[in-house]
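Here the structure is laid out as structure tokens; the discussion comes afterwards.
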Amino acid sequence: MSELPASHDQDQDQELCCDDDLIHPQQVALARAKQPDERSTSRLAELFKMLGDPTRIRIIAAVSTTELCVYDIAAVVGLSQSAISHQLRLLRAVGLVQARKAGKHVMYRLDDEHVAELFRGGLEHIAHR
């Protein structure tokens, strides 16, 4: 959890809260109906957890451009081959990247267009904030 900025005070909290304890049944029912199931919630949380590491983001950025082998990724990101291999195992486990054997090399790329969209969407979101 992030800390609140120094300028934050309790008056700001009150501005962001309802004036009474009224529950809006129709909105609550709609929001409940759209809740993902427990399995999906857990998988999505794991996916976002994987995206919470700057090294993994740099790897995703690298392979969003072109297929790369682990040595290429290491050169782009500036880390050792073993450090990159470890991160790639984690990224593969949650379906963010995939590997393809090409002769003596294993080439890595984003798993599918959804991952590219997620990455681009994140960049767009932070660019306008």
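Every number here is computed from the coordinates shown, using simple stated rules; none is lab data. As the structure is a prediction and not an experimental result, all values here were calculated from the model. Every residue, glycine as well, gets a Cβ built from its backbone with ideal geometry; the counts of neighbours run over all protein chains shown.
Within region 20-51, track down each residue that is assigned to a loop (DSSP other than H, G, I, E, B) and either surrounded by 10 or more Cβ atoms within 10 Å (Cβ to Cβ) or acidic (Asp, Glu) (or both). Break it down stepwise before answering.
Just the residues of region 20-51 that are assigned to a loop (DSSP other than H, G, I, E, B), to begin with: 20-24, 34-37, 51.
Of everything in region 20-51, those that are assigned to a loop (DSSP other than H, G, I, E, B) and either surrounded by 10 or more Cβ atoms within 10 Å (Cβ to Cβ) or acidic (Asp, Glu) (or both) turn out to be Asp20, Asp21, His24, Pro36, Asp37, Leu51.
Using the structure shown, decide if Ser64 is closer than 27 Å to Ala45 by Cα, under 16 Å from the mean Cα position of the chain (by Cα) and either of a type in the set (Gly, Ala, Ser) or not in a helix (DSSP H, G or I) (or both). Full working, then the answer.
On the way: closer than 27 Å to Ala45 by Cα: yes; under 16 Å from the mean Cα position of the chain (by Cα): yes; either of a type in the set (Gly, Ala, Ser) or not in a helix (DSSP H, G or I) (or both): yes.
Spelling it out, Ser64 is indeed closer than 27 Å to Ala45 by Cα, under 16 Å from the mean Cα position of the chain (by Cα) and either of a type in the set (Gly, Ala, Ser) or not in a helix (DSSP H, G or I) (or both).
Which one of these does Leu51 not meet: (1) touching a Phe, Trp or Tyr at 6+ places or on another chain (Cβ under 9 Å); (2) at positive phi?
Every condition holds for Leu51 apart from (2).
One line per residue, one yes/no per condition, for (1) touching a residue at least 60 places away in the same chain (Cβ under 8 Å); (2) within 16 Å of Gly52 (Cβ to Cβ); (3) assigned to a helix (DSSP H, G or I); (4) touching a strand residue (DSSP E or B) at 6+ places or on another chain (Cβ under 9 Å):
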{"residue": "Gln87", "(1), (2), (3), (4)": "no, yes, yes, no"}
{"residue": "Lys101", "(1), (2), (3), (4)": "no, no, no, yes"}
{"residue": "Val106", "(1), (2), (3), (4)": "no, no, no, yes"}
{"residue": "Glu124", "(1), (2), (3), (4)": "no, no, yes, no"}
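Does Ala74 meet the test of being without any contact (Cβ under 8 Å) to a residue 40 or more places away in the chain and in a helix (DSSP H, G or I)?
On the way: without any contact (Cβ under 8 Å) to a residue 40 or more places away in the chain: yes; in a helix (DSSP H, G or I): yes.
Considered against the rule, which asks whether it is without any contact (Cβ under 8 Å) to a residue 40 or more places away in the chain and in a helix (DSSP H, G or I), Ala74 comes out as yes.
Hey, can you tell me all the residues within region 109-122 that are in a helix (DSSP H, G or I) and surrounded by 11 or more Cβ atoms within 10 Å (Cβ to Cβ)? Full working, then the answer.
Pass one, region 109-122, residues in a helix (DSSP H, G or I): 113-122.
Listed by number, the residues that qualify are His114, Val115, Ala116, Glu117, Leu118, Phe119, Arg120, Gly122.
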